[in-house]
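Participant: Take this structure, written in structure tokens, and hold onto it; I'll ask about it next.
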Amino acid sequence: MADTLPKVSGKLTRQAPLAPLVWFKSGGAADWLFEPKNLADLQAFLAECDPAVPVMALGLGSNMIVRDGGVAGVVVRLGKAFAAVRTLDNVTLECGGGASGILVSSTARDSGIAGVEFLRSIPGTVGGFVRMNGGAYGGEVKDILIDCDVVLRSGELVTLGNAELHYSYRHSALPEGAIVVAARFRGRSGEPAAIQAEMDRISASREASQPLRSKTGGSTFKNPDGYRAWELVDRAGCRGLVLGGAQVSEKHTNFLINTGTASSADIEALGDEVRRRVKADSGVELEWEIQRVGRS
Ligand SMILES: Cc1cc2nc3c(=O)[nH]c(=O)nc-3n(C[C@H](O)[C@H](O)[C@H](O)COP(=O)(O)OP(=O)(O)OC[C@H]3O[C@@H](n4cnc5c(N)ncnc54)[C@H](O)[C@@H]3O)c2cc1C
């Protein structure tokens, strides 16, 4: 495929290991990893790239199992040029698709914009939040997103409004292969000290309940209607369950952990075993929240 890829001004790496770039620290390599220099570079590359080549965005890999056979085609990772956050007015933020939740929420605090505190605690980038409808502690991206700028697989830059993303729980209708390069969020006026206090409350609560310093992928399964996934997993006797180097967290049963030597196959097989046991115990079919990508 080497000859078929267009020239870029950013960085294009062949057979790029993805394990170091994702939270689980497991999985294979991307056929190609593209880190565009800027928006024009990304657009030109996608416009010229054979439409048959699959393209996938990667944020901080905090919600992803990259399978051991690696990812076909091109994985796009947004760097510095896409990581800025600025205020547009006293309640509106414009954020690069690669900006972290920490930067977005702390810029909001410094500018007296409340309602964005929940992003402080979700590891990830704005692109990942927009695609996944990231949410926590009563807030969700769908509540604050005005619109986002997206580079389509064709290289075309379009702006999609909130309604066009047809948000539901941890899901958006973002087109396949589309890369979110910027998003505008609307909060409300607030006092920086009160915003900081809310961010501190959220951080402390999370620290107490989740394995934040582990190799993990966040919540493994979506909460089914009327249930909490962690309770179903616990009730099915899966707390601490081990498969190869993978384990169901003792601290939070909706988190899977790489204890050090897990392959992605171990992690995925453990998730499927949990689904099987929960189905047998409670009759409920758990649906994966974690994105599983690549070749087995
Ligand atoms: C400890 C821990 C706690 C977590 N807690 C929460 C929580 O409370 N709430 C919650 O919602 N999630 C939580 N997560 C999951 C995760 O943080 C979110 O899903 C986050 O939105 C993923 O962002 P990311 O940038 O790392 O995306 P990735 O994990 O890299 O990718 C996730 C998906 O988003 C797509 N994507 C990434 N960037 C872009 C882009 N620029 N354009 C288009 N698509 C893109 C990817 O292709 C993939 O489909 C947690 C994860 C961990 C590890």
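The values are calculated or read from the model by the stated rules, or taken from the named source; none is laboratory data. The shown structure was predicted, so the numbers you read here are calculated from the model rather than taken from an experiment. Here the Cβ positions follow ideal geometry from the backbone for every residue, glycine too, while neighbour counts run over all protein chains shown. Surface areas here come from the heavy atoms of the whole protein model, side chains and all, with no ligands, DNA or RNA. Shrake-Rupley method; radii C 1.70, N 1.55, O 1.52, S 1.80 Å.
Participant: According to a simple spin-label model (label point 7 Å from Cα along Cα-to-Cβ), what is the distance in nm between D110 and A194?
Facilitator: With each label point 7 Å from Cα toward Cβ, the separation is 2.2 nm.
Participant: Using 0.36 nm times the number of residues separating A173 and Y137, minus their current alpha carbon distance, what extension gain do you get?
Facilitator: 10.6 nm
Participant: In debye to the nearest 20, how big a dipole does the chain give about its Cα centre with +1 on each Lys and Arg Cβ and -1 on each Asp and Glu Cβ?
Facilitator: Computed about the Cα centre, the dipole is about 560 debye.
Participant: What figure, in Å² to the nearest 10, do you get for the accessible area of D110 with a 1.4 Å probe and non-protein molecules left out?
Facilitator: Solvent-accessible area, nearest 10 Å²: 110 Å².
Participant: Quick one: what do you get for the chain if you divide its Cα Rg by 2.2 N^0.38 Å?
Facilitator: 1.01
Participant: Continuing with this model, one more query. Compute the length gained on full extension between D281 and E94: take 0.36 nm times their separation in residues and subtract their Cα-Cα distance, giving the result in nm to one decimal.
Facilitator: On the way: separation 187, 0.36 × 187 = 67.32 nm, distance 4.61 nm.
Result: 62.7 nm gained on full extension.
Participant: I'd like the accessible area for W230: 1.4 Å probe, protein heavy atoms, all chains in place, Å² to the nearest 10.
Facilitator: Approximately 90 Å² for this residue.
Participant: Then there's this: Scan around A84 for amide H atoms under 5 Å from its own, H built in the peptide plane at 1.01 Å from N, and keep only partners 5 or more places away or cross-chain.
Facilitator: When sequence neighbours closer than 5 places are left aside, the close amide H contacts are G96.
Participant: So, one more: Ordering T4, T13 by accessible area with a probe of 1.4 Å, largest first, what comes out? Walk me through the numbers before you get to the answer.
Facilitator: On the way: T4 75, T13 45 Å².
So, going from the largest accessible area down, we get T4, T13.
Participant: Sticking with this one: Just the accessible area for L39, please: 1.4 Å probe, Å², rounded to the nearest 10?
Facilitator: 60 Å²
Participant: Further question: Given +1 on the Cβ of Lys and Arg, -1 on the Cβ of Asp and Glu, and no further charges, what dipole in debye does segment 44-121 carry about its Cα centre, rounded to the nearest 20?
Facilitator: Its charge dipole is roughly 220 debye.
Participant: Find the relative contact order for the chain and round it to a whole percent, using C-alpha pairs within less than 8 Å whose residues are 6+ positions apart.
Facilitator: Over the chain, the number comes to 18 percent.
Participant: Give the dimensionless ratio obtained when the Cα radius of gyration of segment 117-204 is divided by 2.2 N^0.38 Å.
Facilitator: Relative to the rule-of-thumb radius for its length, segment 117-204 sits at 1.16.
Participant: Moving to a separate point now. At Q15 and A83, where each label point lies 7 Å from the Cα along Cα→Cβ, what is the point-to-point distance in nanometres?
Facilitator: In this crude spin-label approximation the distance works out to 2.8 nm.
Participant: Below 8 Å between Cα atoms, with a sequence gap of 6+, how large is the relative contact order for segment 82-175 in percent? Before the final figure, lay out each step's value.
Facilitator: Working: 154 pairs, mean separation 18.0, N = 94.
Relative contact order comes out at 19 percent.
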